[in-house]
Amino acid sequence: MVDDILSAYPEKARKMRAKHIVVKDEGCTTCAIKSNSKTIPGVMTARGCAYAGSKGVVFGPVKDMIHISHGPVGCGYYSWSTRRNLAAGERGVDNFVPFQFTSDFTENDIVYGGDKKLETLIREIKELFPKVKGISIQSECPVGLIGDDIESVARKMSKELDMPIVPVRCEGFRGISQSLGHHIANDAIRDHMIGKKERADVGPYDVALIGDYNIGGDAWATKTILEEMGLTVTNIWTGDGTAEMLQTAHQTKLNLIHCYRSMNYICKHLEEEYGTPWMEFNFFGPTKIEESVLQIAERFDEKIMKKAKAVIAKYKPQMEKVIEQYRPRLEGKKVMLYVGGLRPRHIIGAYEDLGMEVIGTGYEFAHKDDYDRTIPEMGNATVIYDDVTAYEFEEFVKRLKPDLIGSGIKEKYVFEKMAVPFRQMHSWDYSGPYHGYDGFPIFARDMDMAINSPTWALSQAPWKKSAKEV
Amino acid sequence: MSVDTTCCNNSCDNQAISEWIKSEEYKEKNFSREALTINPSKACQPLGAMLCALGIEGCLPFVHGSQGCAAYFRNNLSRHLREPVPTVSDSMTEDAAVFGGQANMIDGLKNAHALYHPAMMAVFTTCMAEVIGDDLKAFITNARNQGAIPEDFPIAFAHTPSFVGSHITGWDNMFKGLLQSLADPRHGKWTNGRLYLVPGFDAYPANLREYRRLVDAMGIPVTILPDASEPMDAPHTGEYELYPGGTPMAELADALNASGFVFMQKYSTQNSFKFVKNVQKINTEVVTMPIGIKNTDNFLMALTEMTGKAVPAELERERGRAVDAATDAHQYIHGRRFALFGDPDLLIGLVGFLLEMGGMPVHIVCTNGNAKFKKEMDALLASSPFGSEGKVYIGKDLWHLHSLLMTEPVDMLIGDSHGKYLAKDAGIPLARVGFPLTDRVNLHRSPIVGYQGAINLISLIANTFIEELDRTCSDERFELLR
């Protein structure tokens with residue numbers, strides 16, 4: 001099947017793409033799949049850019065900082081409120097998440113450079129938004145190409161205004177996907193934010209929640225469980241986060257990371273520099289939640305373990321009821337996934353809880369370590385595709401005929417036109433949360449709604465059908 | 001309420017700042033900023049170029065530059081249309097930044113041609129390719145010479161730097177690029193007898209269909225160029241079509257032999273208009289976007305003038321129904337104060353419509369408007385007593401509008417979905433008109449142009465006010481009759 005699909009490519013492109021697709025077979029625990037390499041030109045890729053990784057993913061959700069899209073208007077405009085990381089606070093006072101701040105480059109700025117303008121607009125930000133707790137400068141492509149010195153502007157203005165001003169070299173042409181943007185943003189947080197403040201009220205159960213983007217309230221659903229376990233979530237990084245949470249990140253006892261791809265860099269740094277341990281966890285679906293809750297509790301004492309078990313016991317009947325309700329309608333249904341940082345593997349357990357089977361999965365911008373974590377999760381004969389092109393994805397779907405596809409907005413309407421049920425798994429299709437015990441009933445309902453919608457049966461006009469039968 | 005700004009440092013509370021942000025003093029500060037842009041109501045050129053390119057049958061839009069841009073354009077258009085938006089990019093990265101993007105383009109054209117079997121491609125740039133100075137024309141020629149695409153494979157191209165103008169400039173540049181690259185030269189005085197209707201940047205597929213219906217009703221052979229109504233709103237049949245309709249290539253090739261061109265928007269077609277009228281010397285009209293009764297009347301009369309065809313009785317009856325709707329509903333709109341934001345052509349149309357309904361446009365914010373637009377809008381406002389309070393702000397953004405709404409309140413905001421935060425802060429309803437409409441379904445599937453569009457707008461605005469009243473009135477004022 002794979003060879004047949006790839007035969008449509010010109011030879012050079014075919015050879016390159018062949019390395020990015022594997023079918024898992026017996027005994028293949030870490031099948032060789034190539035990842036984290038350049039997208040071939042001229043295909044429809046779902047991938048974004050470094051700016052999208054830095055501003056859209058890592059910095060954007062830090063709510064009391066202002067993130068300047070530095071360069072032409074487009075990047076800021078397109079990433080304006082288009083990731084659903086909810087944030088509590090007063091808009092325009094101490095919450096700037098639904099805003100887009102840009103230096104709106106014109107030809108003049110390209111010719112003469114944008115440093116002066118950047119200085120002025122940073123002063124204007126402080127004047128208009130006195131409670132702002134920091135500023136990040138997210139460079140767009142032209143800033144790097146014309147050689148602007150945003151680092152020196154940031155240093156000068158940081159001193160003048162006495163707050164962190166973070167230059168982030170996340171120009172879109174750097175690297176091959178969002179992934180480099182995550183790394184660059186993590187490095188900027190390391191260099192400019194971490195360890196710059198101290199909290200007085202440090203406790204033995206302080207944990208940080210890293211790489212939970214609070215899509216539709218995920219971080220809040222996660223926090224509920226952790227707090228019921230007796231832990232104190234002092235720092236959330238990437239959804240409903242604050243500058244101070246980044247600055248005091250070195251004081252927590254354990255870092256809990258949900259999206260490994262986007263935020264592992266900072267966990268590793270905190271471990272090396274401050275000795276803070278970190279662990280991955282997975283709050284999609286009751287089975288994985290239970291596993292993770294116990295693993296997290298093991299890092300603490302008997303008191304926490306006891307509470308952790310109580311949490312599991314408390315929610316078990318509720319979750320069983322959800323499964324009882326939806327499993328009969330979803331049992332045996334086949335799913336194909338293609339998403340970003342964590343979901344192609346993290347969410348599998350939630351589908352399995354509902355009796356569903358994932359028959360294909362892949363990442364937009366994963367590295368080898370992501371696939372090493374994913375492949376053992378998969379059953380035999382699963383197709384695994386890295387940076388799949390729109391053409392390949394459509395061909396896989398035509399041949400494998402999944403009952404549900406979970407991917408992004410660019411893919412959604414293609415498959416829905418083919419009458420294949422679909423859920424956007426970057427944005428939860430404007431629903432959510434999907435994490436935690438609060439999220440699972442919503443997840444189950446949404447998957448059922450997609451698969452069992454009577455609208456799919458309307459695809460074909462009845463007179464067409466009868467014409468065929470006659 | 002006046003607040004001492006010296007208080008507004010980190011120590012004062014949110015409440016004080018929140019009040020201060022609503023003040024006259026804050027507005028002054030806000031309007032005196034020189035370098036900072038906050039929530040601008042404009043996107044960048046390539047997004048417009050992409051929408052333009054989607055309107056040609058079998059055309060694959062091709063972004064020359066970083067793949068992230070293509071992803072952003074596709075996402076944003078898909079969110080508004082709830083449709084697939086096929087577009088490829090040639091994924092330029094660091095090495096292309098250093099050595100130029102030619103190698104990417106040649107590989108890209110080859111792969112896209114082999115994989116997606118387009119009838120043509122429309123190539124346009126991002127800011128990256130523009131800053132390094134890539135030469136599209138030369139690259140495409142070299143791609144042909146190297147056999148990446150067949151010698152005669154049609155490609156249109158346009159330079160669309162994101163740091164010049166906005167999405168409407170990009171639409172204009174791509175449109176001109178389509179004509180320059182792929183339209184055959186004009187055959188002297190001979191014409192093909194067809195009127196070419198150019199919609200401009202219009203993300204309502206229903207508007208394009210409405211234009212076709214109106215011109216058909218006039219009995220005029222018409223080509224809508226480009227016609228993205230099918231690509232923006234393809235039927236669900238259980239099968240996915242990569243290229244669901246659009247203007248046939250042959251009609252694009254024959255464009256310069258048109259009996260006439262009518263441009264439905266002025267500001268999103270400025271260069272193309274000049275090219276068609278002044279360079280190609282074609283019988284050309286530009287009309288105000290036909291939003292409301294009078295603008296639709298003017299559009300139909302322009303058609304009569306260009307073609308000699310009379311407005312048929314059928315459209316006259318339709319007009320009568322729209323006028324009936326206007327008089328029936330006038331009491332809900334008359335004297336109400338409005339703030340508006342959006343693209344220049346849309347705003348000219350909407351303000352004309354409000355004035356004829358007795359509505360009062362008060363704040364008109366146009367981030368991508370130019371001085372010519374301001375002059376035209378000022379004259380429009382001056383033409384009606386209902387325009388007396390209207391003020392036009394070009395180059396201003398939605399945070400400026402926030403200050404205006406706080407200091408000089410209005411009854412309703414009209415604009416795209418981004419306006420919902422402003423409307424909430426100001427405690428007024430938002431009538432969603434424009435692009436993008438990302439938080440309501442199907443609005444783009446009803447026309448806002450023509451007489452039918454007038455009825456739709458009247459219903460939208462009047463019913464929004466009435467629903468607001470039902471939601472907020474006290475129990476004893478909750479009545480069956482409204």
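The values are calculated or read from the model by the stated rules, or taken from the named source; none is laboratory data. As the structure is a computational prediction, the values presented were derived from the model and not from experiment. Note that we place each Cβ from the backbone using ideal geometry, even for glycine, and neighbour counts take in every protein chain shown. Heads up: the accessible areas ignore ligands, DNA and RNA and are worked out on the full protein's heavy atoms, side chains in. Shrake-Rupley method; radii C 1.70, N 1.55, O 1.52, S 1.80 Å.
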How many percent of all Cα-Cα pairs in the stretch A:320-470 sit more than 28 Å apart?
19 percent
The stretch A:1-96: which GluC sites (Glu not before Pro) are DSSP loop and have at most 16 other beta-carbon atoms within 10 angstrom?
A:26, A:90
Taking the 0 to 90 degree range and rounding to the nearest ten, how far is the long axis of helix B:450-472 tilted relative to the main principal axis of chain B, both from C-alpha atoms?
40 degrees
Excluding residue B:223 itself, calculate the net charge of residues whose Cβ lies under 13 Å from the Cβ of residue B:223, where each Lys or Arg counts +1 and each Asp or Glu counts -1.
-3
Given the pairs A:159/B:42; A:38/A:133; A:223/A:306, which are separated by over 25 angstrom at their Cα positions?
A:159/B:42; A:38/A:133
Using a cut-off of 21 Å between alpha-carbon atoms, which lysines can reach residue B:274, once sequence neighbours fewer than 8 places away in the same chain are excluded?
B:176, B:189, B:266, B:372, B:374, B:375
Please compute the net charge surrounding residue B:110, taking Lys and Arg as +1 and Asp and Glu as -1 over other residues with Cβ under 13 Å from its Cβ.
0
Using only Cα atoms, locate the centre of the stretch A:346-379 and the centre of the stretch B:67-83, then give the distance between them in Å, rounded to an integer.
26 Å
Take the Cα atoms of the protein assembly as shown, build their convex hull, and give its volume per residue in Å³.
191 Å³
When N is the residue count of the stretch A:115-157, what does its C-alpha Rg come to as a fraction of 2.2 N^0.38 Å?
1.20
Please work out how much accessible surface residue A:294 shows to a 1.4 Å probe, ignoring ligands, DNA and RNA, in Å² rounded to 10.
50 Å²
Distance between Cα centroids, the stretch A:168-211 to the stretch B:113-180: provide it in whole Å.
38 Å
Nitroxide proxy distance, nm - points 7 Å out along Cα→Cβ at residue B:482 and residue A:430
2.2 nm
Farthest toward the dipole's positive end in the protein assembly as shown, which of A:215, B:454, A:311, given Cβ charges of +1 (Lys, Arg) and -1 (Asp, Glu) about the Cα centre?
B:454
To the nearest whole number, what is the average tally of beta carbon atoms from other chains within 10 Å of the beta carbons of peptide B:104-111?
5
At 7 Å along Cα-to-Cβ for each site, give me the label-to-label distance between residue A:187 and residue A:161 in nm.
2.4 nm
Ignoring ligands, DNA and RNA, what percent of the accessible area of the protein assembly as shown is carbon or sulfur (1.4 Å)?
51 percent
Might you list the cysteines of chain A that have no disulfide-compatible partner by the rule of another cysteine's Cβ under 4.7 Å?
A:49, A:75, A:141, A:170, A:259, A:267
Cβ-based charge dipole, the protein assembly as shown, positive-most Cα from B:68, A:420, A:380
A:420
Across peptide A:138-145, what mean number of C-beta atoms from other chains lies inside 10 Å of a residue's C-beta?
5
Between helix B:398-407 and chain B, what is the angle of the helix's C-alpha long axis to the longest principal axis, kept within 0 to 90° and rounded to the nearest 10?
10 degrees
Sites excluded, chymotrypsin sites (Phe, Trp or Tyr not before Pro) in DSSP loops with at most 12 other C-beta within 10 Å, longest stretch of chain B
B:191-477
Could you work out the local net charge near residue B:207, counting Lys and Arg as +1, Asp and Glu as -1, over the other residues with Cβ closer than 12 Å to its Cβ?
-1
For the stretch B:375-482 the GluC sites (Glu not before Pro) that pass both the DSSP coil test and the at-most-11 other-Cβ-within-10 Å test are B:479
Taking +1 at the Cβ of each Lys and Arg and -1 at the Cβ of each Asp and Glu, which of A:128, A:430, A:405 sits farthest along the dipole of chain A towards its positive end, judged by Cα position relative to the Cα centre?
A:405
To test your reading of the geometry: what angle, between 0 and 90 degrees and rounded to tens, separates the Cα axis of helix B:371-382 from the longest principal axis of chain B?
40 degrees
The stretch B:144-279 - convex hull of alpha carbons, volume per residue in Å³:
151 Å³
Can you give the charge dipole size of chain B about its Cα centre, rounded to the nearest 20 debye, using +1 on the beta carbon of Lys and Arg and -1 on the beta carbon of Asp and Glu?
880 debye
Taking Rh as the Kirkwood radius computed over alpha-carbon pairs of the stretch A:158-284 and applying Stokes-Einstein at 4 °C with viscosity 1.567 mPa s, one gets a diffusion coefficient in µm² s⁻¹ of 85 µm²/s
May I ask which of A:268/A:307; A:196/A:253; B:396/B:420; A:34/A:398; A:116/B:29 have a Cα-Cα span longer than 26 Å here?
A:268/A:307
Among the trypsin sites (Lys or Arg not before Pro) within the stretch B:195-295, which fall in a DSSP loop and have no more than 13 other Cβ atoms within 10 Å of their own Cβ?
B:281
Rounded to the nearest 100 Å², the accessible area buried between A and B, both sides, probe 1.4 Å, is 7100 Å²
Label the stretch B:45-182 by shape, choosing from rounded, prolate and oblate, from the square roots a ≥ b ≥ c of the eigenvalues of the Cα gyration tensor; if a/c is under 1.5 it is rounded, and otherwise prolate applies when a/b is larger than b/c, oblate when it is not.
rounded
Counting only other chains, what is the mean number of Cβ atoms within 10 angstrom of the Cβ of each residue in peptide A:100-108?
6
